[in-house]
Amino acid sequence: MAPKLSHTKVFDEPYLFNREAQILADLHQRDAPVPRVLAMDHVQKSLTMDHDGTSLETAIANLPQSPSVHKAWLSRLLPPLVQAVTDICQQEVFHLDLACRNFLVDQFEEGEPQIKLIDFGVALSARLPLQKPLWVIPDPQLHHPRLVTAAADDWRIFFRDSEAATAIYRRKGLATPTDFVGRAFDIPLEAYQSYWPKSVAVDSLDKRWCLVGHSFAELLEELSRRLSVSGAEHQFLTDSSARLRSLQDDALVKERLLALPLAASGMGGTPRPKAFYAPDPPPSEGALKAQAWQALARWRWLCRPMAIAILLVNYFYIDTQYKSNQLVLSDLGFYAALISLVAGALALLALLSARLQGLALVSLFVMSTTQVWYGFEMASQGLGLSTSLTLGLGLVTALGLAKAANNRVR
């Protein structure tokens, strides 16, 4: 049996070499679709790996220039591509440079293509956090907006804090760059090698499936350019790419990624008399409610301050009316007012604490109840019900705001 071929990759910088080796070893131990590392040379900063096929970029270039071949190839290619990416994401490693050059494809003629992912220089890992700025120039045309912002912040801090980088630029007669979004800039390798920041903004990003989905959208766009497909297939790739860009919900990204193979299953065979790609179904009643709660979540932080403001205005208004009209309370009215004052004080204290929202609801409910009797007391002394109703409405509004602040987004 002929020995399996190998491939060697050489790195310029020790940190990038070590991080790639660690991620590949970690993933391979977990049976993820990545090549096995055969040898590491710390002096030459090189990794020798199993040769698990040719790059997807080369494989497409070697295809016959036939639209029918490319269409059939695409329909068989998408399921293992999605599977490889999602399998690696499930291992808490998020590859953010999904391009044809970073996928290896093998055994395509013998059946289902075998796909493996390589080059984890632009990746986030839960078990192996970044210790230096991510080796990528932030580009709004390629990267998720959150990644662009965080990467630009990391490079801004690097060029501000790295004396070595400043010295290199000064030696070249250049000013250190200040704008890092959408434009190329030189990163001094020796300065990067000696720079160890306290924190890396990119590594603190959440919604990592969204970052991967955005990168997968770029992969779909690249496939649409490289493959000789047109009509429905080209539209499918373009629409699917648009549906994965700049999302902010990890669950939605997973759903749309996993739906791609099923949507692509109609490609490559006899044309069928139906729409190639169905639009999203109308949202259900439950989904509409969830959207409403999501919208409310953006403004929930205002609920407690507004409730506190209404209570303070209520107190001021009651005190003003009591003094200006010389109200005389009955014994029952006096105790009702006393209970209301105590409940109001508790409500204010509870609203100032995120942990005591239940107490705020109870206190505001007690205030609303005692306000009914207080209203009758005011009406019996010629003030009419309008003033009492105004105060009662304020309390009910405060109660509703406190309840909204206490509700969690569903």
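The values are calculated or read from the model by the stated rules, or taken from the named source; none is laboratory data. A quick note: this is a predicted structure, and the numbers were derived from the prediction, not measured. Every residue, glycine as well, gets a Cβ built from its backbone with ideal geometry; the counts of neighbours run over all protein chains shown. Ligands, DNA and RNA are stripped out before the accessible areas are found, and what is left, the full protein with its side chains, is counted by its heavy atoms. Shrake-Rupley method; radii C 1.70, N 1.55, O 1.52, S 1.80 Å.
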Taking the range 24-44 and the residues there that are in contact (Cβ under 8 Å) with a residue 24 or more places away in the chain and either basic (Lys, Arg) or in contact with a Ser or Thr (Cβ under 6 Å, 6 or more places away or on another chain) (or both), the one that is least open to solvent (accessible area, probe 1.4 Å) would be LEU38
Result of the Cβ filter at 6 Å on the range 140-154, keeping first residues that are in contact (Cβ under 8 Å) with a residue 60 or more places away in the chain and partners that are open to solvent by 10 Å² or more (accessible area, probe 1.4 Å), at least 6 apart or interchain, is LEU142/GLU218; PRO145/SER246; ARG146/LEU205
Out of (1) of a type in the set (D, E, K, R); (2) touching a residue at least 12 places away in the same chain (Cβ under 8 Å); (3) outside any loop (DSSP other than H, G, I, E, B), the one ARG127 does not meet is (3)
Log entry, pairs with first residue in the range 83-100 being outside any loop (DSSP other than H, G, I, E, B), second being not hydrophobic (A, V, I, L, M, F, W, C), beta carbons closer than 6 Å, six or more apart or on different chains, reads ALA84/PRO33; ASP87/PRO33; VAL93/SER125; PHE94/ARG208; CYS100/GLU57; CYS100/GLU222
*asked:* When you scan the range 142-161, do you find a residue that is open to solvent by less than 20 Å² (accessible area, probe 1.4 Å) and among the basic types (Lys, Arg), even just one?
replied: no
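Please enumerate the residues belonging to the range 63-104 that are hydroxyl-bearing (Ser, Thr, Tyr) and open to solvent by less than 40 Å² (accessible area, probe 1.4 Å). Please lay out each step first, then the result.
At the first step, the residues of the range 63-104 found to be hydroxyl-bearing (Ser, Thr, Tyr) are 66, 68, 75, 86.
Those that are hydroxyl-bearing (Ser, Thr, Tyr) and open to solvent by less than 40 Å² (accessible area, probe 1.4 Å): SER66, SER75, THR86.
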Of the residues in the range 24-51 that are of a type in the set (A, V, I, L, M, F, W, C) and assigned to a helix (DSSP H, G or I), the one that is nearest to the chain's Cα centre (by Cα) is LEU27
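Using the structure shown, decide if ALA21 is over 30 Å from SER228 (Cβ atoms) and in a helix (DSSP H, G or I). If you could, list the steps in order and put the result at the bottom.
Details: over 30 Å from SER228 (Cβ atoms): yes; in a helix (DSSP H, G or I): yes.
So ALA21 passes the test.
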ILE118 meets each of (1) under 22 Å from the mean Cα position of the chain (by Cα); (2) closer than 26 Å to LYS45 by Cβ; (3) open to solvent by 10 Å² or more (accessible area, probe 1.4 Å) with one exception, condition (1)
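Would you be able to tell me the number of residues in the range 175-215 that are assigned to a loop (DSSP other than H, G, I, E, B) and among the aliphatic types (A, V, I, L, M)?
Taking the range 175-215 as the starting set, the residues that turn out to be assigned to a loop (DSSP other than H, G, I, E, B) are 175-188, 195-201, 205-207.
Then drop every residue that is not among the aliphatic types (A, V, I, L, M), which leaves 175, 181, 184, 187, 200-201, 205.
Total meeting the criteria: 7.
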